[in-house]
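J.: Quick one: the structure is below, questions incoming.
The values are calculated or read from the model by the stated rules, or taken from the named source; none is laboratory data. Source: prediction; values computed, not measured. Cβ coordinates were reconstructed from backbone atoms using ideal geometry, including for glycine residues, and neighbour counts include every protein chain displayed.
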Amino acid sequence: MKEELERLLRTRWAGRRIVYEPRMGSTNDRARELAEQGAPEGTAVIAGAQDAGRGRQGRAWLSPPGTGLFMSVILRPDIDPARIPMITLAAALAVREGIRDVSGLEPLIKWPNDIVSGGKKICGILTEARMKGRTAAYVVTGIGINVNVPGFPPELSEIASSIRLETGKEVSLAETAAAVCGRLEEMYETFCRTGDMSALKETYNQLMAGRGCQVRILAPEGAWEGEALGISALGELLVRRRDGQIEAVTSGEVSVRGMYGYI
């Protein structure tokens with residue numbers, strides 16, 4: 001995997017240092033250890049399988065050996081820490097484009113961090129940062145893609161899919177990693193130039209699942225519904241409430257009608 005990926009990479013810095021292990025607990029945890037030790041920006045940590053993979057809010061991430069890409073990339077952005085969450089959106093766009101490049105599949109992005117096809121999740125992204133004073137010492141962006149998973153247990157089959165299931169063909173894990181690294185370098189540099197999503201917003205909105213559709217927002221103050229309009233330059237999800245008011249959503253679980261069992 002490592003040698004093949006090194007041959008395929010066409011990037012200047014993303015993935016130029018690769019740490020690969022056939023099995024590890026969590027690529028994000030390992031990347032954080034390396035970042036603490038001074039690993040350079042672009043270092044990619046890849047596992048053949050994870051024993052403790054996780055998604056948002058501590059949810060477990062299914063990581064069977066040989067069927068998925070489990071990769072975390074160390075970033076060291078010089079930006080306002082309040083804007084770090086937007087890196088997840090830039091990474092989602094990069095992963096979506098990378099999947100298309102390598103497989104021909106045209107998935108969509110479910111705000112803020114899922115890649116979906118046919119209403120089912122094929123990739124999740126988890127971004128974690130360590131602060132040093134008022135700046136970010138580093139950011140770790142973890143990417144878990146269901147590449148060649150042949151099937152899922154009944155409790156997941158209605159909400160999860162893979163590139164193989166969606167296209168009917170297997171895809172090289174190394175080629176997938178190389179494509180994602182290339183797109184991540186592109187999207188991340190664009191994001192860093194502006195410090196927000198302004199230069200990526202139009203593309204993101206074109207590829208956003210549920211745009212113009214009914215969504216349900218599960219917020220601390222209670223659940224509410226509205227029409228998803230797209231994202232703002234700050235990466236917020238813009239939702240038109242039933243009374244016509246447009247609200248910028250910055251956090252909370254978002255359910256899109258027709259996906260993950262939301263009817």
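J.: Among the residues of region 77-118, what is the count of those that are closer than 21 Å to V249 by Cβ and either assigned to a loop (DSSP other than H, G, I, E, B) or of a type in the set (A, V, I, L, M, F, W, C) (or both)?
T.: 18
J.: When the residues of region 119-148 are narrowed to those that are among the basic types (K, R) and either in a strand (DSSP E or B) or not assigned by TED's automatic domain parsing to the domain that holds E175 (or both), which ends up surrounded by the fewest Cβ atoms within 10 Å (Cβ to Cβ)?
T.: K132
J.: P64 - would you say it is assigned by TED's automatic domain parsing to the domain that holds E185, at pLDDT below 95, over 17 Å from the mean Cα position of the chain (by Cα) and not in a helix (DSSP H, G or I)?
T.: Considered against the rule, which asks whether it is assigned by TED's automatic domain parsing to the domain that holds E185, at pLDDT below 95, over 17 Å from the mean Cα position of the chain (by Cα) and not in a helix (DSSP H, G or I), P64 comes out as yes.
J.: While we're on this one: Looking at region 241-263 only, could you name the residues that are touching a residue at least 24 places away in the same chain (Cβ under 8 Å) and not in a loop (DSSP other than H, G, I, E, B)?
T.: If the condition is that a residue be touching a residue at least 24 places away in the same chain (Cβ under 8 Å) and not in a loop (DSSP other than H, G, I, E, B), then V249, E253, V254, S255, V256 are the ones that fit.
J.: Do you know which residues across region 227-240 are on the phi > 0 side of the Ramachandran plot and part of a strand (DSSP E or B)?
T.: G230
J.: Can you find a residue in region 123-136 that is touching a residue at least 60 places away in the same chain (Cβ under 8 Å) and out of contact with any Asp or Glu (no Cβ under 9 Å at 6 or more places or on another chain)?
T.: Yes: one or more hits.
J.: Sticking with this one: When you go through (1) closer than 17 Å to A92 by Cα; (2) touching a residue at least 40 places away in the same chain (Cβ under 8 Å); (3) in a loop (DSSP other than H, G, I, E, B) one by one for E186, which number turns out not to apply?
T.: Answer for E186: the failing condition is (3).
J.: Next up: Please verify whether E166 is at pLDDT below 95 and more than 16 Å from the chain's Cα centre (by Cα), treating the condition exactly as stated.
T.: In short, no.
J.: Here's a follow-up. Check off (1) touching a helix residue (DSSP H, G or I) at 6+ places or on another chain (Cβ under 7 Å); (2) free of Cβ contacts under 8 Å to residues at least 24 places away in the same chain for R100 and give me the number that stays unchecked.
T.: Against the list (1) touching a helix residue (DSSP H, G or I) at 6+ places or on another chain (Cβ under 7 Å); (2) free of Cβ contacts under 8 Å to residues at least 24 places away in the same chain, R100 comes up short only on (1).
J.: What are the residue pairs meeting all of these: first residue in region 159-176, first residue touching a residue at least 40 places away in the same chain (Cβ under 8 Å), second residue hydroxyl-bearing (S, T, Y) and part of a helix (DSSP H, G or I), Cβ atoms under 6 Å, and 6 or more apart or on different chains?
T.: Qualifying pairs under 6 Å: I163/S103; T167/S103; V171/S103.
J.: Taking region 11-26, which residues are at pLDDT 95 or above, buried (at least 19 other Cβ atoms within 10 Å of the Cβ) and not in a strand (DSSP E or B)?
T.: A14, G15
J.: Can you say whether R216 is in contact (Cβ under 8 Å) with a residue 24 or more places away in the chain and of a type in the set (D, E, K, R), as far as the supplied structure shows?
T.: When the stated conditions are applied, R216 passes them.
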